[in-house]
Each structure stands twice: as structure tokens, then as C-alpha cells.
1. Is at least one residue of segment 102-112 touching a residue at least 60 places away in the same chain (Cβ under 8 Å) and part of a strand (DSSP E or B)?
2. Report, by residue number, each residue of segment 54-76 that is crowded, with 16+ Cβ neighbours inside 10 Å and of a type in the set (A, V, I, L, M, F, W, C).
3. For Ile135, indicate whether it is open to solvent by 20 Å² or more (accessible area, probe 1.4 Å) and touching a Leu at 6+ places or on another chain (Cβ under 6 Å).
4. What pairs can you find where one residue is in segment 76-96 and closer than 12 Å to Ile59 by Cα, the other is open to solvent by 30 Å² or more (accessible area, probe 1.4 Å) and among the β-branched types (Val, Ile, Thr), and their Cβ atoms are less than 8 Å apart, with a gap of 6+ or different chains?
5. Among the numbered criteria (1) open to solvent by less than 20 Å² (accessible area, probe 1.4 Å); (2) under 29 Å from Arg62 (Cβ atoms); (3) in contact with a helix residue (DSSP H, G or I) (Cβ under 9 Å, 6 or more places away or on another chain), which one does Gly125 miss?
6. For segment 1-53, give me each residue that is hydroxyl-bearing (Ser, Thr, Tyr), surrounded by fewer than 19 Cβ atoms within 10 Å (Cβ to Cβ) and over 20 Å from Trp98 (Cβ atoms).
7. If you take just the strands (runs of 3 or more DSSP E) that sit entirely in segment 125-192, which of them hold at least 2 residues that are touching a residue at least 40 places away in the same chain (Cβ under 8 Å)?
8. Looking only at segment 77-117, filter to residues that are over 20 Å from Gly152 (Cβ atoms), more than 11 Å from the chain's Cα centre (by Cα) and charged (D, E, K, R); which one of those is least open to solvent (accessible area, probe 1.4 Å)?
Amino acid sequence: MTEVSIMQRALGAQWEALAPALKAHYAAAKNRDLGVLTVEYPTAMQGPLNVLRLFGTLINQRAQQVPTQVHKWMVGEQQYWQRRVELPKQVMAFDSHWHYVGGNELIEYVKPYLGLKMAVTVRDGKLYYEGRAYILKLGSLLIPIPEALVLGHTTIEEIGVDAKQFTMDFRLQHPLFGQIYRYTGRFHTELEASRPQTQL
């Protein structure tokens, strides 16, 4: 039986309309993305981002086109993401795991107890995410927290540039303060022979 990725399960029949570079990016097979990342945010966000880094979320340094690797692999019905961003003075990690929750929705957990529920859809071969709620996980209990009460609304747009490369654009839009965080990147995906040694 062929292993199915979290994204393929969430997209269902829409998977077939996804651009080839994005299908490779979201494949269940062990793979890695190689590319560059730019991180932007207003100065007022520096303090909150420093706190969020204590929970392993987001990158709390501005960056322009810095080398970035993302390793991905499946364990059972979960997919693990291991990100390494090569900032000028350090390599910063941003790791997570994904869980499918039904329909076109998934939860990305940055900690076993903290995640973000998102809905995904394909339009014209492009992939779009829409944040639904932040999730506090207490045992088997999932408590939704409205996005507006935390960092604001999450959107992601991913576009296949050609058969191998894709771009991504992640944004946080707060209802009062406007856009408070953005990271963009351009990547290509390669298959890996084995899973990275470090597990989350």
C-alpha cells in the first residue's frame, strides 16, 4: 500500500490539480527542501517574537535570502518537519509535526501541546492555507483559541514556479495592527535515502 502524505489526505481529489513541484514538496517519501528564506517583521514585534522562540515558534531575526533546509518524513499517520535556517551568526531550528484532522484541515504542532489548525485548498495549481484557530492540546482534549486573540490570521500561498521549484509566502495579519510577520522563500525538493537522525 502506497503511503499517503498529510497534505494529500487533506486535499483529497484536489491533490491531482496541484503543481508538480508542490506534489514533490508534500510527498510522503522522505525528502528535503533546499532554498532561501527571507523574514520580515516590524520592530515592535521583536519582544513578542523573542518570547515565542522559547516555544520553538517562528524565527525572531530578520533575514534576507538566507540558506534554508527543510527535512520531512512520515512516522505512522504524522509527518515531521525539521527546518534549519542559516542566519549570519547562527543556525536556527524551527521544527514541527503535522496531524490530519479531517476534511481539508490539518494541525501543525510546534510543541506537543501547541498547534495551529489550518484549512488547505488548491486554485489554479496553487496551494492556499487559511488559519482556523490556535490549538491547545491537553491529553486528548483539543481547545481552539481564536486567531484574533493571539497573533492574528495566518495565510500561506505556495506556487509552483516550474517542474521542480516552488515559492512560498507566509503572513500573519493582526486585526488591529495589520501585517505583523512575513516569511517568503524559494525552494526545490530532493528525495532522501534515510530519515534525519534527530526526531522531535
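The values are calculated or read from the model by the stated rules, or taken from the named source; none is laboratory data. Computed from a prediction, not measured in an experiment: that's the story for all the values here. Note that each Cβ is placed from the backbone with ideal geometry, even for glycine, and that neighbours are counted across all protein chains shown. Surface areas here come from the heavy atoms of the whole protein model, side chains and all, with no ligands, DNA or RNA. Shrake-Rupley method; radii C 1.70, N 1.55, O 1.52, S 1.80 Å.
1. Yes, segment 102-112 has at least one match.
2. Leu58, Ile59, Ala63, Val66, Val70, Trp73, Met74
3. no
4. Taking only residues 6 or more apart or on different chains, the pairs are Arg84/Val91; Val85/Val91; Phe94/Val110; Asp95/Val110.
5. (2)
6. Correct list: Thr38, Thr43.
7. Details: elements: 126-138, 141-145, 153-160, 165-174, 178-191.
The strands (runs of 3 or more DSSP E) meeting that bar are 126-138, 153-160, 165-174, 178-191.
8. Step one: filter segment 77-117 for residues over 20 Å from Gly152 (Cβ atoms), giving 77-93, 95, 97-104, 112-113.
Applying the additional criterion that residues be more than 11 Å from the chain's Cα centre (by Cα) yields 77-79, 84-93, 99-104, 112-113.
Within this subset, residues satisfying the condition of being charged (D, E, K, R) are 77, 84, 86, 89.
Values: Glu77: 119, Arg84: 65, Glu86: 84, Lys89: 194 Å².
Only one residue tops the list, namely Arg84.
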